[in-house]
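The values are calculated or read from the model by the stated rules, or taken from the named source; none is laboratory data. The structure presented is a predicted model; accordingly, all values stated were derived computationally and were not measured. As a convention, Cβ positions derive from the backbone with ideal geometry for all residues, glycine included, and neighbour counts pool all protein chains shown. These area figures cover heavy atoms from the full protein model, side chains too; ligands, DNA and RNA do not enter into them. Shrake-Rupley method; radii C 1.70, N 1.55, O 1.52, S 1.80 Å.
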Amino acid sequence: MNKIEHIGIAVKNLTNSIDIYQKLLNTDCYKTELVESEAVNTAFFKTGDNKIELLAATSPDSAIAKFIEKKGEGIHHIAFAVDDILEEMERLRNEGFVLLNDQPKKGADNKMICFVHPKETNGVLIEICQEIKWI
Ligand code: CMX
């Protein structure tokens, strides 16, 4: 795995939270994106080499809605950049981790993504992601 690609934060109200993080980081949100397959609206910030993703649910069935109901707003996942997501998924499976999807799926901000169940990672939901390269 390479560097931490981003930290995902679950929020109730995306508009309000964009405002808060713009003030906090003293930088504008560079992108908002709806990920229909995950039932989330996302907003991205860059600060130095680091990236923050705010996530708000678009439906009560969304993983983000369930997370907020159970734990409240806060850090939802840590995402690591990988060079080859299929190879990394295979490696993690062989190490005994439970992957939450069999195949990589399209995530926000031009990434193929896969999640690792938090039960095997000390209660932290881990995402691995690979940048989609257009030839
Ligand atoms: N971090 C840490 N623990 C979490 C968690 C999170 N983000 N989300 C849920 N959990 C906990 C639950 O509280 C539960 O804990 P307890 O057993 O102690 O009560 C445990 O994980 C398992 O929960 P579950 O009932 O088996 O499953 P849930 O319905 O809560 O689903 C999870 C949990 C992680 C499997 C599900 O949220 C998932 O598949 N996530 C991956 C997809 C996702 O999160 N999408 C949204 C983001 C998309 C994006 O980044 O674009």
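Per-structure values
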item	result
Carbon/sulfur fraction of accessible area - the chain, other protein chains in place, 1.4 Å, %	51
Contact order normalised by residue count of the chain, Cα under 8 Å, 6+ apart, percent	25
Surface/4 of the Cα convex hull for segment 1-78, nm²	5.4
Of the DSSP H helices in the chain, those whose Cα atoms cover at least 15 Å axially and whose Kyte score averages -1.0 or more	14-25
Sites matching GluC sites (Glu not before Pro) across segment 67-103 that sit in DSSP coil, with at most 13 neighbouring C-beta atoms within 10 Å	95
Accessible area per residue, Å², segment 49-135 with all protein chains present, probe 1.4 Å	60
Using a Förster distance of 22 Å, the FRET efficiency for residue 27-residue 4 (Cβ separation, nearest 0.05)	0.75
Exposed chymotrypsin sites (Phe, Trp or Tyr not before Pro) absent: longest stretch of the chain, with sites in DSSP loops and at most 12 other Cβ within 10 Å deemed exposed	31-133
Surrounding net charge for residue 85, when Lys and Arg each add one and Asp and Glu each subtract one, Cβ distance under 13 Å	-3
